[in-house]
Amino acid sequence: MKKEISIEKSSFYPCEVAKFNNINLKLDSDHTLKDFQIHFKTYGNLNEDKSNAILICHALTADQFISDTHPITKKSGWWTNMVGPGKNIDTNKYFVICSNVLGGCVGSTGPQEINSETNLPYGIKFPTITIKDMVAAQKLLIDGLKINKLFAVIGASMGAMQVLQWVIDYPKNIINTIHIAGALKHSPQNIAF
């Protein structure tokens, strides 16, 4: 079977979805996801040499909607004060990408998906997802966008843990990192905080 990555508009949310077909994503749990999807939102424009891309990794209780009005809550995005034209992460200068993490509940493959082996939702049988798994899926997304090197990877809390995993697993694919309020290892309580 042919490996395919397709990027299209999401039919559920005002963002895009990367669909990975026949691509084996081996998880830390030894489970392999063969077909999965990652919902993501972009802000700004990718320059010609693709050198201005920034990946922002979200915390546990966030999602891909970092700026503008959130489509579900109708509140401002979780980093509206930081990301946008003329702001600290200036979308007039940078192409910003934020994906809903693997296992997240805003479009990316998670417990709500149909298990192809049972034809039922995974529910509690969805495999355990680690930070390393989230970053591996993000790397496939970045590859699908045909970006070889990110100008920066930025994250706070659980997002900062993803930043550290990028440094460990893909140091040649990043130029800069901004790691905010995170550690290599946290208790569940600290991640949720």
Practice prompt. May I ask you to verify whether residue 172 is free of Cβ contacts under 8 Å to residues at least 60 places away in the same chain, open to solvent by 20 Å² or more (accessible area, probe 1.4 Å), part of a helix (DSSP H, G or I) and within 30 Å of residue 11 (Cβ to Cβ)?
Written response: no
Worksheet item: How many residues does the stretch 1-53 hold that are within 27 Å of residue 79 (Cβ to Cβ) and of a type in the set (Asp, Glu)?
Response: 4
Fill in: Matching residues in the stretch 101-122 - criterion: being open to solvent by 30 Å² or more (accessible area, probe 1.4 Å) and either in a helix (DSSP H, G or I) or among the β-branched types (Val, Ile, Thr) (or both)
114, 118
Fill in: Meets criteria (in a loop (DSSP other than H, G, I, E, B), in contact with a Ser or Thr (Cβ under 7 Å, 6 or more places away or on another chain), surrounded by 14 or more Cβ atoms within 10 Å (Cβ to Cβ) and of a type in the set (A, V, I, L, M, F, W, C)) for residue 152
no
Discussion item. Can you tell me which residue is farthest from residue 180 (Cα to Cα) among those in the stretch 1-57 that are open to solvent by 70 Å² or more (accessible area, probe 1.4 Å) and acidic (Asp, Glu)?
Written reply: 4
Worksheet item: Can you tell me which residues in the stretch 116-140 are of a type in the set (Lys, Arg) and without any contact (Cβ under 8 Å) to a residue 24 or more places away in the chain?
Response: 125
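The values are calculated or read from the model by the stated rules, or taken from the named source; none is laboratory data. Note that the coordinates shown come from a computational prediction; the quantities given were computed from them, not determined experimentally. Note that each Cβ is placed from the backbone with ideal geometry, even for glycine, and that neighbours are counted across all protein chains shown. Please note that ligands, DNA and RNA were not included when accessible areas were found on the heavy atoms of the full protein model with its side chains. Shrake-Rupley method; radii C 1.70, N 1.55, O 1.52, S 1.80 Å.
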